[in-house]
1. Pairs, please: C-beta under 6 Å, at least 6 apart or cross-chain, first residue under 13 Å from Asp264 (Cα atoms) and of a type in the set (D, E, K, R) and in region 295-315, second modelled with pLDDT under 95 and surrounded by 11 or more Cβ atoms within 10 Å (Cβ to Cβ)?
2. Being in contact with a helix residue (DSSP H, G or I) (Cβ under 8 Å, 6 or more places away or on another chain), in a helix (DSSP H, G or I) and loosely packed, with under 14 Cβ neighbours inside 10 Å is the filter here, so list the residues in region 305-332 that pass it.
3. Here are the criteria: (1) in contact with a helix residue (DSSP H, G or I) (Cβ under 8 Å, 6 or more places away or on another chain); (2) more than 28 Å from Phe246 (Cβ to Cβ); (3) β-branched (Val, Ile, Thr). Tell me which single one Thr276 does not satisfy.
4. Specify which of the listed residues (Phe95, Phe66, Phe75, Phe34) is over 30 Å from Thr161 (Cα atoms), of a type in the set (A, V, I, L, M, F, W, C) and at pLDDT below 85.
5. Read through the list (1) touching a helix residue (DSSP H, G or I) at 6+ places or on another chain (Cβ under 8 Å); (2) surrounded by fewer than 17 Cβ atoms within 10 Å (Cβ to Cβ); (3) within 16 Å of Asp162 (Cα to Cα), then give the number of the only condition that Lys198 fails.
6. For region 102-148, what are the residues that are over 18 Å from Ser175 (Cα atoms) and touching a Gly at 6+ places or on another chain (Cβ under 7 Å)?
7. When the residues of region 26-75 are filtered to those that are assigned to a loop (DSSP other than H, G, I, E, B) and buried (at least 17 other Cβ atoms within 10 Å of the Cβ), which remaining residue is farthest from the chain's Cα centre (by Cα)?
8. Given the options Ala218, Ala168, Ala235, Ala206, name the one that is in contact with a Phe, Trp or Tyr (Cβ under 6 Å, 6 or more places away or on another chain) and at pLDDT below 95.
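The values are calculated or read from the model by the stated rules, or taken from the named source; none is laboratory data. A quick note: this is a predicted structure, and the numbers were derived from the prediction, not measured. As a convention, Cβ positions derive from the backbone with ideal geometry for all residues, glycine included, and neighbour counts pool all protein chains shown.
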Amino acid sequence: MNILSSKINKILFLVISIIAIGTLGYMFLSGYNFVDALYMTIITVTTVGFGELQPFSSEEKIFTIFLILTSITIFGYAVSAFSEYLVSGKLFDHFKHRKVEKQIGRLEEHTIVCGYGRNGKQAILKLQNYDKDFVVIEKSKNLIESLDEQEVLNVEGDATTDEILLKAGILKAKSLITALPSDADNLFVVLSARQLNKNCTIISRASKESSYNKLKIAGADNVIMPDKLGGNHMASLVVTPDVIEFVDRLTIEGETTANLEEIDVNELPKKYMNKTILDLDLRKKTGCTVIGFRNPDKDYIINPEASTKLVEDAHLIVLGRPEQINKLRELF
């Protein structure tokens, strides 16, 4: 990409330079005005065969010979460079990158997923189910080709660098998921992302217990340890199998199959602000039940009282069948 940009800039610079030299040369040697000098330069470097405006002196002829030979060399170089990029596919890559940059530039409140491994794929599937905007950062060319085939918006590069995070739109991103295989790399991503966007919600994968606190200190809002979660889940299936199976059935699958929904109190009609859960009357209106309440300090209350006040920056966790959840979304 940088090489392509460098060659294009070099070719443009050479073409503009030869036109400028020719124009100034004819103005000086032949006394032409700017338009006539530019006209003579253009018909000379393009070798269209038009005649000169007036008979040339020896100096003018030598200058014209120099202008023709130089322009032929420059245009030959330009055609060669263009053919090289056309054959190698780099030109198409350049236009693809430009298209991706424009698409990312239009995104706001999107999610950045770093790494297209096992955990990254699961995260992307969930985001697709909920029709959320996201950008994937991946440095493996084979995986990038796979993402392109699926028409998934992606940026090729190292997610630990500020340049790549900026290309993925970190400044306007709402959240970032870093699922790289190395805890050290995840730590770098968290540090960089937190520095670039103070308000971004950062979720990081960790494989070691010792990395948990480091990632939290670096700025991760949540740290997930897949191996630990998997072990706990398997043990729970032995201890409380019916409870775990029931909870698994509540797992959020997508827009039309969800059993759980989160409601931001700030997005409710203003008439409900500082009212109670009872005043909201979700059970009667939608059939859903409020099973959780998160206050502005991010403390969770399981099965909150009906008298719990709906204050600013609080969230409600609601349980219901898919059709009830859909009705809830229509109302709120």
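1. Asp313/Pro296
2. Leu331
3. (1)
4. Going through Phe95, Phe66, Phe75, Phe34 in turn, the sole match is Phe75.
5. Evaluating Lys198 over (1) touching a helix residue (DSSP H, G or I) at 6+ places or on another chain (Cβ under 8 Å); (2) surrounded by fewer than 17 Cβ atoms within 10 Å (Cβ to Cβ); (3) within 16 Å of Asp162 (Cα to Cα) leaves (1) as the failure.
6. Across region 102-148, the qualifying residue is only Lys139.
7. Ser30
8. Among Ala218, Ala168, Ala235, Ala206, only Ala206 is in contact with a Phe, Trp or Tyr (Cβ under 6 Å, 6 or more places away or on another chain) and at pLDDT below 95.
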